[in-house]
Structures are given as structure tokens and as C-alpha cells.
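Scroll down for the structure; my scribbles are underneath it.
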Amino acid sequence: MTEGLLQEVKKLLGIIENYKKDIENLGTKREGLKSVNQHIELAIKESEEATKKLIDNILETTNILKNVMSQLSPDDSAKFKEDLEKVIKLLTESLTLLEFQDILSQRLLKISNFMTDLEKEILKILLLFGISEEKSDEKREELKEKLEELEWKKEVSQEDVDDILKQFGM
């Protein structure tokens, strides 16, 4: 009976040690989340800038073509006028098709917000783990305060993250 109990305690200690290692690895995973989030935010910014430039170019080209059409005389080729009207129609359709960018930005923003929330949850887990492992009452209270502060924040600043990770020597 005692030997069986000893084996169970050893097994339990092994599980706890593995759990501790998994928690410590969360800190490194968080860096990956931060990097992915930065790439998503950059993609949103770059796609918005490109779309704005495309819209500006299409509008300017359309105005130039309309100006050229207004200067044509009735004697000018009907085929030429027809081609210009087709070009204007294509440019107008292109403007309409650029609506995809707004949808894409909204989706990327949702992903970015999810990543931020996930990062916040990882930090909460790290804090909870730190609170349970901390020997010093003063340090434990400090970590509890950080956890409460984190609960109320919508977004976590890099300074908050660095400060929390510093608490764990990361």
C-alpha cells in the first residue's frame, strides 16, 4: 500500500513539474503572438494605403477621360467615344470592387483583437502561476495587484507585459 502511494505521489509530482514547464513556456509563446499581431497590423495599414492610392488614381484617370470626352467634337469617331465610355465604366467597376479591402481590414482587425485578448489571457495565467509559486507575501500581493489591473484593462501595453515577465525573470 505504501509503495503504491509513493508511486502515485511521484507521478503527481512529475505532472506538476511538467505543468510548471508548460506555464514557463507560455512566456516565449507570447512573443510569437506579439510578432504575428504586428504583422497583421502592418498588413492592415499597407492594404489601406494601397487601396487609397488605387482609388485616387482611378478617380483622377476617370476625371481626365471625362475631360477628354467633353472636348471631342461631334465629328470625332463614335468608336473612339465608345471606347472612352468603356474605359470609364471599367474604372467605375474597379472602384466598386475595392470594397474588398474594407472587409479584409475588418477581418484582420478581428484577428488582431483576438490575438491581443489571447496574449492578455496568457499573461493572466502567468500571473496566477506566479502568485501561487511566490513565497514572499509582499511579492504575492504585488502580483495580485497586477492581475486585478490586467483584468480591467482592454489592451495591455508592452510596458505592462515587460514588467510582468520581469517578475518571472523572463
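For the residue pairs 89/110; 34/146; 52/89; 21/124; 20/120, the C-alpha atoms sit more than 28 angstrom apart in 89/110. Of the listed residues 115, 69, the order by accessible area with a 1.4 Å probe, largest first, is 69, 115. Local charge for residue 79 was computed over the other residues whose Cβ lies under 12 Å away, with Lys and Arg +1 and Asp and Glu -1, and equals -2.
The values are calculated or read from the model by the stated rules, or taken from the named source; none is laboratory data. Nothing here was measured: the structure is a model prediction, and the numbers come from that model. Every residue, glycine among them, receives a Cβ derived from its backbone with ideal geometry; neighbour counts consider all protein chains shown. Just so you know, the surface numbers come from the protein's heavy atoms only, side chains and all, with ligands and any DNA or RNA stripped out. Shrake-Rupley method; radii C 1.70, N 1.55, O 1.52, S 1.80 Å.
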